[in-house]
Every structure is written in C-alpha cells, then in structure tokens.
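The values are calculated or read from the model by the stated rules, or taken from the named source; none is laboratory data. Since this is a predicted model, take the numbers as computed values, not measurements. Virtual Cβ from ideal backbone geometry, glycine too; neighbours counted across all protein chains shown.
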Amino acid sequence: MTARLVVLVSGSGTNLQALLDAAEEESYGAEVVAVGADRDGIAGLERARRHNVPAFVHRVKDYPNREDWDRELTASVVGYRPDLVVSAGFLKLVGPAFLAAFGDRYINTHNALLPAFPGIHGPRDALAYGVRLAGRDAVLRGRGASIPGRSSRRWRCRYSTGTPRRASPSASRTPSGVNWSRRSAGWCARVGP
C-alpha cells in the first residue's frame, strides 16, 4: 500500500522536491497527494504545479485569529485523506485543531537540534554560539503533543559544522536537509507512525 502524504511548505520547497522525487521510486512507499502553504507565490507551490499535485494556501493574515486559520488548514488537509502530514519547511506552528486531527501522523522537521536552538534561525544561532556539532530534528508528534519529547518519536541527524570560525549558515544544510525530510517521511510511510 502506498501512503498518502500532504506536505506543508512556506518557501522554496526543496524538502518538497525531495519528497516528490522519492515518490517516483516505487520502493519509497509514499506519494504526495497535496501541498499546503501559508504564503502565495512561493517556489514550493510552483514545484507542486509542475508535478500536477493539488495545492492550497491559507495565509494567517486572511483570518480573524489563529484558531480560525488552524481550523481551515485542518479542513483542507483532511480533504486529501493523508496517512501522514509532513511539515517540510513550513514556518508556522499548527494549533490544537490540527494536532487533534493529525497529531499522531504529523512529522515536523526542524533545521537545528531541539530544544537547544528553536525557531527559524536555529542554524544561525547554533553557529553563533560556536557549536562544532550541529544537526537536524524530525519529530513525529504523539496525539496532542505540542513540544518535542512529550509523546513524540524523534529522529536526529548530527554533523560537524567545522570550526566555528569557518562555519557558515550553509553548514546547516550538510548533510542535506532535504534528504533528512525524505528519509523521515519514507520511514514512517513504510512502517507506520
């Protein structure tokens, strides 16, 4: 059986592209059935269009409050009947409605090791701190979990950034974050959350 993935993006969609490419391999065990975004006009939506994958956009500013946005995002994702939802560079925190619907089927990737370097600037913050070992997290949320480590399953990828003096933000992409998203989603698709 092929698992159905809905992928959430906020930008260029390099993680999405890795998932789309992987889905072309029969052994991967998953297909991307929809792409959701929190912004219009991003490259991630263009990638979905080029692969004939349906896409939808829910911008937070189009809703009176975050709860309404969360409910609409949830309703859109539900409509595609996913087995797994992958946050692949999605720069918004989902809320209670979303976690109630998908909490045990939601992979949230983060570009730095949690909880040490949370937020969008995790790699920059880690390098500024002077770490010599950095990494990425992928967290499969447990039902109702709102933070990693609580009712969650976590995978980590660690790598050397080089010396702090020579490290740069691009070091946060080694090994490729897109491969990390691909491996995490593929594993869950094959063995189940």
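Some points to look at:
- So residue 97, is it at pLDDT 65 or above, touching a Lys or Arg at 6+ places or on another chain (Cβ under 8 Å) and closer than 23 Å to residue 55 by Cα: yes
- Top-ranked residue in the range 113-138 [being in contact with a helix residue (DSSP H, G or I) (Cβ under 6 Å, 6 or more places away or on another chain) and surrounded by 23 or more Cβ atoms within 10 Å (Cβ to Cβ); ranked as modelled with the lowest pLDDT]: 138
- Members of the range 1-22 found to be surrounded by fewer than 17 Cβ atoms within 10 Å (Cβ to Cβ) and either within 12 Å of residue 51 (Cα to Cα) or among the hydrophobic types (A, V, I, L, M, F, W, C) (or both), listed by number: 1, 21
- Entirely in the range 1-120, the strands (runs of 3 or more DSSP E) that have 1 or more residues that are over 30 Å from residue 131 (Cβ atoms): 3-9, 30-37, 55-57, 84-87
- Close pairs from the range 39-63: first surrounded by fewer than 15 Cβ atoms within 10 Å (Cβ to Cβ), partner among the β-branched types (Val, Ile, Thr), Cβ under 7 Å, at least 6 apart: 40/57
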